[in-house]
Structure formats: structure tokens, C-alpha cells
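One structure is given below, represented as C-alpha cells, and several questions about it will come after.
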Amino acid sequence: MSSGRYLLHHGLLMPTVAHSEESLKYAENFLVKDTDVFVVTYPKSGTTWMQEILPLVLNGGDLTPVQTIPNWDRVPWLEETRTALVVDCLPSPRALVTHLPYHLMPASFYSSKAKVIYVMRNPKDVMVSSFHFHKMASFLDDPGTFQEFMEKFLEGQVLFGKWTDHVKSWRHTELGDRILYITYEEMVQDLHGALRHFSDFLGSNLSEEAIQRIAEHCYFNNMKTNSMSNYSLVPQEIMDSSKSAFLRKGIAGDWKNHFGPEQEVRFSSVIRGEMEGESFLFPWDLE
Ligand code: A3P
């Protein structure tokens, strides 16, 4: 790990390109409003997709914000440096994303009525997506071989630590009906249905016509062309889309094109071992 590129926050690796001691202090002291909506993800689980979806679900399907404001300012990451700069411009209800585990949320969050949508993705696809992301992002260390990166991923020597710790932390909360769980795979399979869930959960009362319009805009092939969301505004030296596009494939199951049989067995057995005793089910096969 090259020094300078990362900082450690409560044992979690974060890239200094977007995080600083100040931004993390700011997040810690953030005053959460009851009307706030947080999307929580482990990195590479569909964060950017939700930065597109959420403003549309909250505003009734008006495309203006997603066509005019870059995703990082439209739905900022609580822990990143941009939030302090843009927070006063956010419409109400405010939409934010975060990769923080449950116990590192701001103190005011726990006693608030803010809602949470937690998006989980098959960890094999998360790892594949992250592997390609590390190749194209010059602010991250080279991932090495796929095998090397897999070992780092399983040890939690990657951004925001272990996948299993993250998903477990957000399953053991006292949030009750303040939190909605959904998977990336469910969204890929039935985006329309997912949007209906979000609308019901957030009380947006969207018409079928509005849901259809939002779905059309947010399908991978359409969203991929939105310069406010596909990271084409970021200079090539920082994110090199000739190595891998940020909106890369947008499918469930790409891991099958990357994992060898032994890697698959090892990966599944580590994840299964760490999830032992957990009562929630995965919508994918961990065998
Ligand atoms: P792939 O690399 O597997 O294609 P994050 O935003 O959390 O970093 O996650 C990035 C992943 O979400 C990428 O996965 C990206 O292609 C995928 N993604 C982004 N927008 C999407 C969309 N509209 N539909 C499906 N997947 C999407």
C-alpha cells in the first residue's frame, strides 16, 4: 500500500483523493435531519446508480438535477470532502450516500428519523468491479493480479475494510422500519419493482408513468451516456476510461468470467464462514 494515497479511519482504508481528517470530523459531527435519506453501500455495490435514482424518486421524476449536477455534488458522500461545500445547496429532503459502517455514523443519526436504503451486491461481483476500478483509477494502488487482489479483498485490506463486516454491521441495527434492504441483483432484475419499493418506503407516491420514466433514464445503457454520472467529467489522468469504464458492465454474475474454480471455492468458503449464524438470506448462490 503506497502511503499518501490512503488514510486509515478507525481501521478502515479510505482514499485521500476524496477523504481527509477534516471531512471525517465533519461527518462525525454532521447534524442529521429527520427528513434526510441515506443510501448505504459497500463500495462497488451500486452507489452511483442510487445517486441517479434517489433524486428522481424524491422529486417525482424531474430529470433536471441528474442532467445538470454531477453525481458527487447531487447526492454527496457524507464522509467525503465535497459534502461540506454542497450541503447548503441540497434540496429537501436531502439525499446522501455513505460507505460508513453503522457504528461510525454521526451521533445525531441514531436518534433521528432519517431513512436508510441499504444496497447489497454479490461480493464476487463487488470484487470484480473493484478490481477493474483499481486499474482505471490513478489515485488507487495497482490491484496486482486477480489472485492477489482477491486475497486483499478477503482480508479486508481494501477500501472500507471487509465486505462481511460492512453488511453485518448494517443488519444489526435498531433502525426498525427506518431501513430498507435491497440488492443490486434485484434492481438489475426488476428496476421498475425496485423503484416502486423506494417510492412506497419514502412516501413519494409516484405514478406508474413517473416510475416508467425514471426506470428508462436509469437503465444501464441510458445512464452510461449521462456525462453527469459516468465520470467522463473527471480528467483521464485520474480515471482512465480506456482501461475500464466506470459504468463498466452493469450486470449480475460477471464473476463467472473472472474466477477460476479454486478461487471460487476459496472465496465462497471464507465468506460463508464469516457469515455463519447470520439469519438473512442471499439472493445468489454462494456455492
Ligand atoms: P460493474 O463494474 O460490475 O459494471 P459503485 O457506484 O458503488 O462504485 O458501483 C459501480 C458498479 O455499479 C459498476 O459495476 C457499475 O457499472 C454499476 N452500475 C452503475 N450504474 C448502473 C446501472 N444503471 N445499472 C446497473 N449497474 C450500474
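Treating only the Cα positions of region 150-287 as identical point scatterers, give the base-10 log of I(q)/I(0) from the Debye formula at each q in 0.10 Å⁻¹.
-0.49
Between residue 216 and residue 280, what FRET efficiency follows from the Cβ-Cβ distance if R0 is 30 Å, with the result rounded to 0.05?
0.45
Where Lys and Arg each count +1 and Asp and Glu each count -1, what net charge lies around residue 33 among other residues with Cβ under 13 Å from its Cβ?
Net charge around residue 33: 0.
Return the FRET efficiency for the residue pair residue 89, residue 225: r is the Cβ-Cβ distance, R0 is 22 Å, and the value is rounded to the nearest 0.05.
It comes to 0.30.
Given bins 5 angstrom wide, list per bin the percent of all Cα-Cα distances in the chain, short to long.
Calculated over all Cα pairs of the chain, the distribution is 1, 5, 12, 17, 20, 18, 15, 9, 3, 0, 0 percent.
Follow-up. What does the helix-only formula give at 222 nm for the chain: each DSSP H stretch with n ≥ 4 adding -39500 (n - 2.57), the total divided by the residues, and the result rounded to the nearest 500 deg cm²/dmol?
-11500 deg cm²/dmol
For the pair residue 265 and residue 107, how long in nm is the line joining their label points, each one 7 Å along Cα→Cβ?
5.1
Would you mind telling me the antiparallel percentage of the DSSP bridges in region 6-286, rounded to 5?
Rounded to the nearest five, the antiparallel share is 25 percent.
Another one. A 21 angstrom limit on the alpha carbon distance is what I want to check against. Which of 25/168; 124/152; 33/162 exceed it?
From 25/168; 124/152; 33/162, over 21 Å: 25/168; 33/162.
Each reported figure results from applying straightforward, stated rules to the coordinates on display, with no laboratory input. Everything numeric in this text was worked out from a predicted model, so none of it was measured. So basically every Cβ, Gly included, is an ideal-geometry build from the backbone, and we count neighbours across all protein chains shown.
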